[in-house]
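Take a look at the structure below.
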Amino acid sequence: MIRSFIAIELSDKETIENITTFASRLRQNQPKLKIVEPKNLHMTVKFLGNIPETVAPKVYNILQKEVNETHFQSKSFKYYLRGVGQFNKFSVLWVKLVGDIQFLQNIKDSVENLLFERLKIDRDKRAQFKPHLTVGRLRRDKINYKAFDTLKKLINENKTKEFGEFNIDQIKLKKSELTQKGPIYTDLIF
């Protein structure tokens, strides 16, 4: 079995640096915050979980031939990362993607439909795509409540902060290996 997901990678160095600098500010407030490593910054299109090794090449081929070639046609689409938010009572801190969200929704719908029709991979429960980049995770039992109001204020003050460009030209099949030092993501290519 291969633990995998489908993602769009962030590659703009200046944008990565801006996010890393901001994530460091968040960590100063919450020392137990697990910051996403710069090389791991991505936007998840679909989390697959554990899939059989025999299925991974089929997923890869669908993504390459029927999603990337059809939707991207060797073009790059410019988006921006702007604003900070949180999910699940501050357990996930993220940066919002701004741009033609309907285009990305179409890609997600295409991925969901093709994987279900061809490989019987279940569709996500949430059909609406909420594009964001996770920048950090904070377990509730690790929150420093003495500084928690400052964290909330920092997020509120940066709801419109500009982080930079996010150019998108393909989606990728990624492998996720969980280690004690954090996840290791690698491209799956067949």
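Charged neighbours of SER76, selected by a Cβ distance under 15 Å, balance to -3 (K, R count +1; D, E count -1). Taken about its Cα centre, the chain carries a charge dipole of roughly 960 debye when the Cβ of each Lys and Arg holds +1 and the Cβ of each Asp and Glu holds -1. Relative intensity of the chain on a log10 scale, I(q)/I(0) at q = 0.10 Å⁻¹, equals -0.43, per a Debye sum over C-alpha point scatterers of equal strength in the absence of solvent. Over the chain, dividing the summed -39,500 (n - 2.57) contributions of all DSSP H runs of at least 4 residues by the number of residues returns a 222 nm mean residue ellipticity of -8500 deg cm²/dmol. Each peptide in 32-41, 178-187, 45-54 receives the mean, over its residues, of other Cβ atoms within 10 Å, and ordering these scores from highest gives 32-41, 45-54, 178-187. Placing +1 at every Lys and Arg Cβ and -1 at every Asp and Glu Cβ, with all other atoms neutral, what dipole size does the stretch 130-190 have around its Cα centre, in debye to the nearest 20? In total the dipole reaches around 420 debye.
GNM on the chain, alpha-carbon springs under 10 angstrom: the most fluctuating residue among LYS142, LYS75, LYS125 is LYS125.
Every read-out reported here was derived from the displayed coordinates using simple, explicitly stated rules and does not represent laboratory data. Worth saying up front: this structure is predicted, and the values here are computed from it rather than measured. Quick reminder, even Gly has a Cβ in these numbers, built from the backbone with ideal geometry, and neighbours come from all protein chains shown.
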